[in-house]
């Protein structure tokens, strides 16, 4: 798979939208990558799972950040044959009270899977929770890096961010499409 294959699949699924959007960290943006659109699209999910599986490295286990990255972790688990855990944003207040769901051994190497990284805070929180539980975490794989500080934020924790697609690639594709439409309209 090439980056253009994934960019094309995200656009074909209408996962990239343009307008004015409020983001989870409180800022605004002229574009929005709708993770729930691409995570529920079989073709996108297949491409993402394959690309993640190719980049897992030495990690023995995957971790999906709830809620958005759980389908990504499940699909990548099936693709790679590696088990996964789910990292909740906070410990649940009933039942077992777990923050991490699934089997996690002390000292186990884990790679965190994430859907969209803006500031990287949710991935950083997941890394912290996994490390507190005894896991060794030094990589986060993300579908889209919005290039708004996540890479540096995670690097401050000794974690490498690996993106399948960057905002620059998504927006360059859009600009190329717009130029092609303008050229077609003039001809």
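For helix 42-54, what angle does its Cα long axis make with the longest principal axis of the chain, in degrees from 0 to 90 and rounded to 10?
Tilt relative to the chain: about 60 degrees.
Compute the acute angle (0 to 90°) between the alpha-carbon long axis of helix 167-186 and the principal axis of greatest extent of the alpha-carbon atoms of the chain; round to the nearest 10°.
Helix 167-186 sits at roughly 20 degrees to that axis.
Please give the contour-minus-distance gain from residue 96 to residue 78: 0.36 nm per residue of separation, less the Cα-Cα distance, rounded to one decimal in nm.
3.9 nm
Points 7 angstrom from Cα along the Cβ direction at residue 54 and residue 136: gap in nanometres?
2.7 nm
Mean projection of the alpha-carbon convex hull of the chain over all orientations, in nm²?
In nm², the orientation-averaged hull projection of the chain is 11.5.
Rounded to the nearest 5, what is the percent of antiparallel bridges among the DSSP beta bridges in the chain?
Antiparallel: roughly 25 percent of the beta bridges in the chain.
Compute the FRET efficiency between residue 106 and residue 152 as 1/(1 + (r/R0)^6), taking r as their Cβ-Cβ distance and R0 = 35 Å, and round to the nearest 0.05.
Once the sixth-power term is evaluated, E becomes 0.75.
Among 21-31, 109-119, 68-78, how do they line up from the highest to the lowest mean number of other beta-carbon atoms within 10 Å?
My ranking of the peptides, most packed first, is 109-119, 68-78, 21-31.
Using Cα pairs under 8 angstrom and six or more residues apart, how large is the relative contact order of the chain, in percent?
16 percent
In nm, to one decimal, how far is the residue 11 label point from the residue 121 one, both placed 7 Å along Cα→Cβ?
With each label placed 7 Å out from Cα toward Cβ, I get 3.2 nm.
Tell me the mean residue ellipticity at 222 nm calculated for the chain from its helices only (DSSP H runs of n ≥ 4, each -39500 (n - 2.57), averaged over every residue, nearest 500).
After summing the helix terms and dividing by the residues of the chain, the value is -12500 deg cm²/dmol.
Each reported figure results from applying straightforward, stated rules to the coordinates on display, with no laboratory input. Predicted model only: the values in this text are computed from it and were never measured. Heads up, the Cβs are rebuilt from the backbone with ideal geometry, glycines too, and the neighbour counts pull from every protein chain shown.
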